[in-house]
Amino acid sequence: MSRQDSTSGHDLTRRERDVLVALCRPLLGDDVIAQPASVKEMAAELVVTDAAVKQHLMHLYDKLGIEESGERRRVALARSAMQLGLVEA
């Protein structure tokens, strides 16, 4: 069984999907001013280091063509993931 699945033309590993779900989780509630999860929040939820989350995020930015910078990059990634249906609302 392959570790990669194809969704909307993007080959994401299971762990990359886990990171996307953790990133978008705060956005799935009723809070209209919610922000995507921070690196520390994702690391705590996934029980990994901040560095591991950052590495997965770098791969996700590349795979999804996110070219924003700084904090806006995480927001753009979360928005893109939800628009592409990679994370279900």
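With every protein chain kept in the model, how would you rank Ser69, Ser38 by accessible area, 1.4 Å probe, largest at the top? Show your work: numbers first, answer last.
Numbers: Ser69 90, Ser38 40 Å².
The ordering from most to least exposed comes out as Ser69, Ser38.
Determine the calculated [θ] at 222 nm for the chain from helices alone, applying -39500 (n - 2.57) to every DSSP H run no shorter than 4 residues and normalising by the residue count; nearest 500 deg cm²/dmol. Kindly include the intermediate steps, with their values, before the conclusion.
Values: 4 runs with 47 residues, N = 89.
Roughly -16500 deg cm²/dmol at 222 nm, from the helical runs in the chain.
Return the equivalent ellipsoid semi-axes of the chain as a descending list in whole Å, where each equals the square root of 5 times an eigenvalue of the C-alpha gyration tensor. Walk me through the intermediate numbers first.
Numbers: eigenvalues 67, 47, 36 Å².
Square roots of five times the eigenvalues give 18, 15, 13 Å.
Solvent exposure of the chain amounts to 63 Å² per residue of accessible area, where only protein heavy atoms count and the probe is 1.4 Å.
Distance between the modelled labels on Glu41 and Leu84, one decimal in nanometres: 2.2 nm (7 Å Cα→Cβ projection).
With a simple spin-label model that places each label point 7 Å from the Cα along the Cα-to-Cβ direction, the separation between Glu71 and Asp30 comes to 2.6 nm.
The values are calculated or read from the model by the stated rules, or taken from the named source; none is laboratory data. Nothing here was measured: the structure is a model prediction, and the numbers come from that model. Counting neighbours? That spans all protein chains shown, and the Cβs are built from the backbone with ideal geometry, glycine included. Surface areas here come from the heavy atoms of the whole protein model, side chains and all, with no ligands, DNA or RNA. Shrake-Rupley method; radii C 1.70, N 1.55, O 1.52, S 1.80 Å.
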